[in-house]
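**Student:** Supplied in structure tokens, the structure appears directly below.
Values quoted throughout were computed directly from the atomic coordinates according to the rules given, and no laboratory measurement underlies them. Predicted, not measured: the structure shown is a model, and the values here were computed from it. Glycine also receives a Cβ, built like all others from the backbone with ideal geometry; neighbour counts cover every protein chain displayed.
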Amino acid sequence: MKLLEDILIIDFSQFLSGPSAALRLADMGAQVIKVERPGTGDICRELYVSDVMIEGESTIFHAINRNKESYAADLKNPDDLFKVKQLIAKADVVMHNFRPGVMERIGLDYASVKQIKPDIIYAEISGYGAEGPWKDLPGQDLLLQSASGLAWLSNNNDESPTPMGVAVVDIMAGTHVAQGILAALFRKGQTGEGALVQVSMLESILDFQFEVLTCYYNDGRQLPVRGAVNSAHAYIAAPYGLYKTNDDYIALAMTNIPTLAGLLQCEPLKEFINSNDWFSKRDEIKAILAMHLATQSAQHWLAVLEKADVWCAPVMDYDALVKQEGYRVLEMEINVKTGNGLTVSTTRCPIKVDGELLVSEKGAPTLGEHNEQIEQQFGLTSHLQDVSK
């Protein structure tokens, strides 16, 4: 299904935030042309998170750049820049995630691109915004997690700040810029107007924390306090957290404590009748619960709790997850093929429309793989050829 059929996106972005947005738009049917530096390409091609490589490049690159086309161009070369500007003249969307000032130096900032294509939708992701004392700081995921307060929400209160083990800031910023682009495309379809869509990684990760920040803003600026025992959320009462049984872990969400005490046959919990105590005395309650749950297996407790419709779940690793029918029925794994014919397994777009999955078998491109095809498709000419006519 090509919801964005005939939409052309020229993507200058690298690493994860911009490419994740472009990936989602490609999954929706847009033609995404990834403009890369000759010789090295997107730095993400060499961003290794493990010792796993695919065709000599990082698995991350292959996961986040499938379903795109690669056009190698040296933007400091007048002839290559001339061709890229011809591409932009035919585009619906231009996007990048460089630091403020980079595209201005190249001559591809919003004002310049708007002269080439007045109705362009121009989207940019920065680390900390285009203004202010932080605007030139590097927009790297771990640094933004640390600066935004996010690292103080995980782990127990007596433990060090703990970042999330995924690039959550990058992905949230990519999600937000994709939303902005889609809204701007909708307006353009109605009015013919282009737009400048701007997202900073800092704003994205602050929005991601809207729940806890709203508490902070309206609670006399009191900092969130992580629980001392089995902490999973600074503002949610017991029993919310992960608990070790005698063989594995289980997760417990919001639950009535006296009801839980009866189901688990845990006498010490029955004294916590007042719901106000479930937060103020959460560490005491969780300590009692943790000790009690350690006496039986995870499956024993889940059987009791699930039957009573208590919100609970096993804590699974990937090996356990992929064996579950609940996982298999989703068909989240897809196989894509690179330009060299190598099959790569990865995750699909999570969106389904009219019962149809948004999938493509097209893998990540090799550097400059589509130069000839793109130049033919859009009739690109060199600066010298254009001058000679």
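**Student:** So which residue, out of Gly363, Gly132, Gly149, gets the largest mean-square fluctuation from a GNM of the chain using Cα contacts under 10 Å as springs?
**Tutor:** Highest fluctuation of the listed residues: Gly132.
**Student:** Sticking with this structure for a sec: So for Cys349, Cys215, fewest C-beta neighbours within 10 Å to most, what's the order? Please report the intermediate quantities before stating the final value.
**Tutor:** Values: Cys349 19, Cys215 14.
Ascending Cβ contact count within 10 Å gives the list Cys215, Cys349.
**Student:** Hey, with R₀ at 22 Å, roughly what FRET efficiency would Ala130 and Phe378 work out to, going by the Cβ-Cβ distance, to 0.05?
**Tutor:** Step by step, r from the Cβ atoms, then E = 0.15.
**Student:** Under the rule of -39500 (n - 2.57) per DSSP H run of 4 or more residues, summed and divided by the residues of the chain, what mean residue ellipticity at 222 nm is obtained, to the nearest 500 deg cm²/dmol?
**Tutor:** -10000 deg cm²/dmol
**Student:** Sticking with this one: On a 0 to 90° scale, report how tilted helix 298-307 is relative to the longest principal axis of the chain, with both axes built from alpha carbons and the result rounded to the nearest 10.
**Tutor:** Around 90 degrees separate the two axes.
**Student:** Picking from Gly339, Ser13, Pro314, whose Cα lies most toward the positive end of the charge dipole for the chain (charges on Cβ: Lys, Arg +1; Asp, Glu -1)?
**Tutor:** Comparing the listed Cα positions along the dipole, Ser13 ranks first.
**Student:** While we're looking at this one, here's another question. Restricting to DSSP loop positions (anything but H, G, I, E, B) with no more than 10 other Cβ atoms inside 10 Å of their own Cβ, which GluC sites (Glu not before Pro) remain in the range 1-102?
**Tutor:** Glu5
**Student:** First check a/c for the chain, with a ≥ b ≥ c the square roots of the eigenvalues of its C-alpha gyration tensor; if it is under 1.5, answer rounded, and if not, answer prolate when a/b is larger than b/c or oblate otherwise.
**Tutor:** prolate
**Student:** Now for a different question. As a footprinting exposure proxy, order Lys244, Lys83 by other Cβ within 10 Å, with the fewest listed first.
**Tutor:** Numbers: Lys244 14, Lys83 22.
Arranged by neighbour count, lowest to highest, Lys244, Lys83 become Lys244, Lys83.
**Student:** Order of Val94, Val229, Val315 from fewest to most other C-beta atoms within 10 Å?
**Tutor:** Fewest-to-most Cβ neighbours within 10 Å comes out as Val315, Val229, Val94.
**Student:** Rounded to the nearest 20 debye, what is the charge dipole size of the range 249-314 about its Cα centre when +1 sits on each Lys and Arg Cβ and -1 on each Asp and Glu Cβ?
**Tutor:** It comes to approximately 60 debye.
**Student:** Still on this model: Amide H to amide H under 5 Å from Ala123: which residues, 5+ apart in sequence or cross-chain, H placed 1.01 Å off N in plane?
**Tutor:** Under 5 Å from the amide H of Ala123: Val94, Met95, His96, Val197.
**Student:** With a cut-off of 8 Å between alpha carbons and a minimum separation of six or more residues, what is the relative contact order of the range 1-76 in percent?
**Tutor:** Answer for the range 1-76 is 34 percent.
**Student:** Counting alpha carbon pairs within less than 8 Å and at least 6 residues apart, what relative contact order, in whole percent, applies to the chain?
**Tutor:** Relative contact order here is 18 percent.
**Student:** Calculated FRET efficiency, Glu159 and Leu213, Cβ-Cβ r, R0 22 Å, to nearest 0.05? Intermediate values should be presented prior to the final figure.
**Tutor:** On the way: r = 22 Å, r/R0 = 0.98.
Here the calculated transfer efficiency is 0.55.
**Student:** Below 8 Å, C-alpha to C-alpha, sequence gap of six or more: please give me the relative contact order for the range 249-314 in percent.
**Tutor:** Details: 54 pairs, mean separation 30.1, N = 66.
Result for the range 249-314 is 46 percent.
**Student:** Here's another thing I want to ask about it. Could you compute the FRET efficiency for Thr191 and Asn256, with r as their C-beta to C-beta distance and R0 at 51 Å, rounded to 0.05?
**Tutor:** 0.45
**Student:** If you don't mind, there's one more thing I want to ask. Might you report the magnitude of the Cβ-based charge dipole of the chain about its Cα centre, with Lys and Arg at +1 and Asp and Glu at -1, to the nearest 20 debye?
**Tutor:** Working: 33 positive and 51 negative charges, 106 e Å.
The calculated dipole for the chain is roughly 520 debye.
**Student:** Given Cβ point charges of +1 (Lys, Arg) and -1 (Asp, Glu) and nothing else, what value in debye, to the nearest 20, does the dipole of the range 14-125 about its Cα centre take? Before the final figure, lay out each step's value.
**Tutor:** Numbers: 14 positive and 16 negative charges, 65 e Å.
That gives a dipole near 320 debye.
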